Structure formats: structure tokens, C-alpha cells
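Engineer: Please find one structure pasted underneath; my questions will follow.
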Amino acid sequence: MTEEPTKPADLKALAEQHLAENKRRRDALRTAIPLDTFVEDAIGLVLSEPGRGDMQGVCPFHGDDRPSLYVVPSKAFYHCFACGAHGDVVTFDAEYRRIPEWMSMMQLEKRVAAGENPIRVQPRPTDEEMKALRDELGIFKGDE
Ligand SMILES: [Zn+2]
């Protein structure tokens, strides 16, 4: 049997497979890590209104002077009504710590697998920590 060159249809299937796998991993992280616990130290969450189930805090993604960022733990997402920041535990982690989302996912998965509880967002990594992380994940400078 001769090796066929990769056809566009194969590439499409591969891309779909990759997206489905990504979604599965992301859903697992959203389920494993309660968003309110994850962000509360960073943004100082308070209940928005009794009984509504959502919370609000000071948005770390713009110069917030009052709590504009809403966190809906039951739906595992946040939204800022001032700057439009929106996302889930992975988006928050990646943007807050200024690391790529794939790196955030790998780290969060490791913390979940290690049984860390509760899992809270960590401060932005220093240059040395970033280097150690890259070494650990086997990433060489210039890969991005
Ligand atoms: Zn904002």
C-alpha cells in the first residue's frame, strides 16, 4: 500500500477531532474547578444579589473601580459588563497570568490530577518560573 498524501478531508477530520478533544478537556476542567473558588482571592467576590446565585468582583482586566465582573458559578463563566471580558476557568487563568491557554490547561489538569483542593488562581509567573515551566513541559524558546 502506498502512502497517500494527506487530503483536505483528512485534515478536516483531524481538526474536528482536535477540537472535540479540546472541548472535552475544557469541560472536565470547568466541572472540576469551581469558578467562584478559583477567582475569589484574586478579585474579592461578593454575592451580587441574595438568591440569584451569581457573584461580582473587581475586574482584573481593566482599571475597575467598582465590581463590574460577574461570576456565575453554576454556568462556570464570568462576564465583565465594563470591558466585555468573558470566559471560563481556562480563559481567566490564561489572561490573568498572561500565559497561553494550552499551557493553562496543562497546568490546571496537573493540579486536578494531583488532588489539589481547593484550586485557586496563582499569581503571574516570574520569568524564572516561566523558564522552569517551559523546561518541565519540554518547550524550547522560540516555539511560540
Ligand atoms: Zn473588565
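Engineer: Please give the FRET efficiency for LYS110 paired with THR37, using the beta carbon to beta carbon distance and R0 = 25 Å, rounded to the nearest 0.05.
Structural biologist: 0.90
Engineer: Among residues other than LYS75 whose Cβ falls under 15 Å from its Cβ, what is the net charge (Lys/Arg +1, Asp/Glu -1)?
Structural biologist: Taking every Cβ under 15 Å from that of LYS75, the sum is -1.
Engineer: Next up: Around GLU129, what is the net charge, scoring Lys/Arg as +1 and Asp/Glu as -1 over all other residues with Cβ under 13 Å from its Cβ?
Structural biologist: Working: positive: ARG97, ARG98, ARG124, LYS131, ARG134; negative: ASP127, GLU128, ASP135, GLU136.
Counting the neighbours of GLU129, the net charge comes to +1.
Engineer: As a test of the formula, what do you get for the chain when each DSSP H run with n ≥ 4 contributes -39,500 (n - 2.57) and the sum is divided by the residue count, at 222 nm and rounded to the nearest 500 deg cm²/dmol?
Structural biologist: Theoretical 222 nm ellipticity from helices: -15000 deg cm²/dmol.
Engineer: Full extension from HIS18 to THR126: what is 0.36 nm times the residue separation minus their Cα-Cα distance, to one decimal in nm?
Structural biologist: Extending this stretch completely gives an extra 35.8 nm.
Engineer: Also, quick follow-up: So, by mean Cβ neighbours within 10 angstrom, what's the order for 123-130, 87-94 with the highest one leading?
Structural biologist: 87-94, 123-130
Engineer: Non-local amide H neighbours of PHE77 (under 5 Å, H modeled in plane, Pro and chain starts lacking H): which ones?
Structural biologist: Here the answer is VAL72, since their amide H atoms fall under 5 Å of that of PHE77.
Engineer: Compute the distance from the alpha-carbon center of segment 7-48 to that of segment 67-117, in whole Å.
Structural biologist: So the separation of the two Cα centres works out to 9 Å.
Engineer: For the residues SER48, SER104, SER74, SER68, what sequence is obtained by ranking on other C-beta atoms within 10 Å, fewest first?
Structural biologist: The order, fewest Cβ neighbours first, is SER74, SER48, SER68, SER104.
All of the numbers you see were taken from the coordinates with simple rules; none came from a lab. Because the structure is predicted, anything quoted here is derived from the model rather than measured. No Cβ is skipped: glycine too gets one built from the backbone with ideal geometry, and neighbour counts run over all protein chains shown.
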